[in-house]
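Taking it in order: structure first as structure tokens, then the write-up.
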Amino acid sequence: MKVSFFTFILFSIFGYSQNTLKAIVVDNVDNSPLEFVGIFNTENHTVTNEDGRFQFSSSLDTITIYLVGYDKIRTTFQKVSDTVYLNKSVLKLNEVTVTNHKTLWQKIGDSIRSNYPIYPYKERFFLRGVLRYNGEITRIQDIQGKLERRTLLYTKDIVPSTKDFKVELTNMRKVGLAKDENQVYFIFETFYELFMNFTPINATGDAFNLTESTFENERKTKLGFHTKPEFINEEVKGHYIINNTNNAIERIYMTVRYKNNPYNKDGDTRFRTVTIKKEMALSKSSNTNKYYLANAKYEVKVEITDDQNSYTSLYDVSFILTTTDNEGSFEVKKNVSATKDLFKINYSYDQNFWKGQNQLLLTEEMANFIENAQDPNNEFKVKSNIKN
């Protein structure tokens, strides 16, 4: 059978056409922008940035827009306007104190292997790191790459190792101040530390008070946890969102606040962690029926001073991770160490890629910082791989 060149081109156009959408997601009551809203379908996903903005591309026409605590929107590209309004959920029942969490947690434990990949797999990832010094952005780093994991969750039979993550960088942009005015260099996390921080945790032991409530017509349970009052130096609180049909954890939110945390010392510099926040969203694949880490956010606030207490500075660092193509069949060729400070990694800048990427949009503040940091008259020493 003969196939004309014209027919082949038509097939290519119709087979790989992409729908693209740019919009902002806001709260329906006060119009405040909503960050970390999931925008997804069965093939693609992204999240909104701090400004509530996103760009989403897919060969499919369907779109789901969802943030825990808000009503889910299922729609199509053609029906989405420039501004998406989310309504807060009204189906939550009254919270009740849990006196025996073991029944629910045992169900979750019994379902782990059917719900999550407890075996090696590959995925593509996008990672953004942002550092703020006393409220002002001083560093931005975006990394795209491929990742081969040993497992998603760690059981008692799997001991973590720095060799559990094999990383291949495919694109990177970074720009930031090398040191602050006190000559302090803020160490970024490593891939290993970050991926381990994005591993779901168990916060249901004897140290916690638990509350339970259901929503979405009892299809999901919110299991809240809060350290008991006797833990005066460390307050941990948050919640799990659990799917009641399969006992899978679909979302985790946790904050840790340290009280009277002692300083660590590095030369003349003293530093201590003030707060830690984590948020993880897991999505179920229609291909494997397994849950994967779709989006995650990790934030840390650190206080820094010197031996004379001549100054006090606050660093806020945040990392956002998104993954796609989970359990992909591609090859991962390791080209970077998983135990190296991320900001010290060197990789070439691809201008065409960064002009077109849409996994996580820059906020207006971030775009202005990158432009100003590239100014040759900048008085501070800047590290960057961006070449215009």
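The values are calculated or read from the model by the stated rules, or taken from the named source; none is laboratory data. These numbers come from a predicted model, not from an experiment. Neighbour counts are summed over all protein chains in view; Cβ atoms, including those assigned to glycine, are modelled from backbone coordinates with ideal geometry. For accessibility, only protein heavy atoms count, side chains too; no ligands or nucleic acids. Shrake-Rupley method; radii C 1.70, N 1.55, O 1.52, S 1.80 Å.
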message: Just the residues that are open to solvent by less than 30 Å² (accessible area, probe 1.4 Å), among the aromatic types (Phe, Trp, Tyr) and farther than 19 Å from residue 294 by Cα, please, taken from region 155-208.
response: 186, 188
statement: Checked region 219-233 for anything assigned to a loop (DSSP other than H, G, I, E, B) and either in contact (Cβ under 8 Å) with a residue 40 or more places away in the chain or surrounded by 13 or more Cβ atoms within 10 Å (Cβ to Cβ) (or both); matches are 231
statement: In the set 387, 381, the lone residue that is out of contact with any strand residue (DSSP E or B) (no Cβ under 8 Å at 6 or more places or on another chain), over 18 Å from residue 128 (Cα atoms) and exposed (fewer than 15 other Cβ atoms within 10 Å of the Cβ) is 387
Qualifying positions in region 134-147 - open to solvent by 30 Å² or more (accessible area, probe 1.4 Å) and either among the aliphatic types (A, V, I, L, M) or out of contact with any helix residue (DSSP H, G or I) (no Cβ under 9 Å at 6 or more places or on another chain) (or both): 134, 135, 146
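Yes/no matrix, rows are residues, columns are (1) over 23 Å from the mean Cα position of the chain (by Cα); (2) assigned to a loop (DSSP other than H, G, I, E, B); (3) modelled with pLDDT under 90; (4) of a type in the set (Asp, Glu):
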{"residue": "35", "(1), (2), (3), (4)": "no, yes, no, yes"}
{"residue": "51", "(1), (2), (3), (4)": "no, yes, no, yes"}
{"residue": "65", "(1), (2), (3), (4)": "no, no, no, no"}
{"residue": "75", "(1), (2), (3), (4)": "yes, no, no, no"}
{"residue": "94", "(1), (2), (3), (4)": "yes, yes, yes, no"}
task: Consider residue 240 carefully, then state whether it is in contact (Cβ under 8 Å) with a residue 60 or more places away in the chain and either more than 25 Å from residue 113 (Cα to Cα) or in a strand (DSSP E or B) (or both).
output: no
- prompt: Any residue at all in region 234-243 that is open to solvent by 20 Å² or more (accessible area, probe 1.4 Å) and acidic (Asp, Glu)?
  reply: yes
- line: Condition set among the acidic types (Asp, Glu) and either open to solvent by 30 Å² or more (accessible area, probe 1.4 Å) or closer than 30 Å to residue 283 by Cα (or both), scope region 304-361, selection farthest from the chain's Cα centre (by Cα): answer is 307
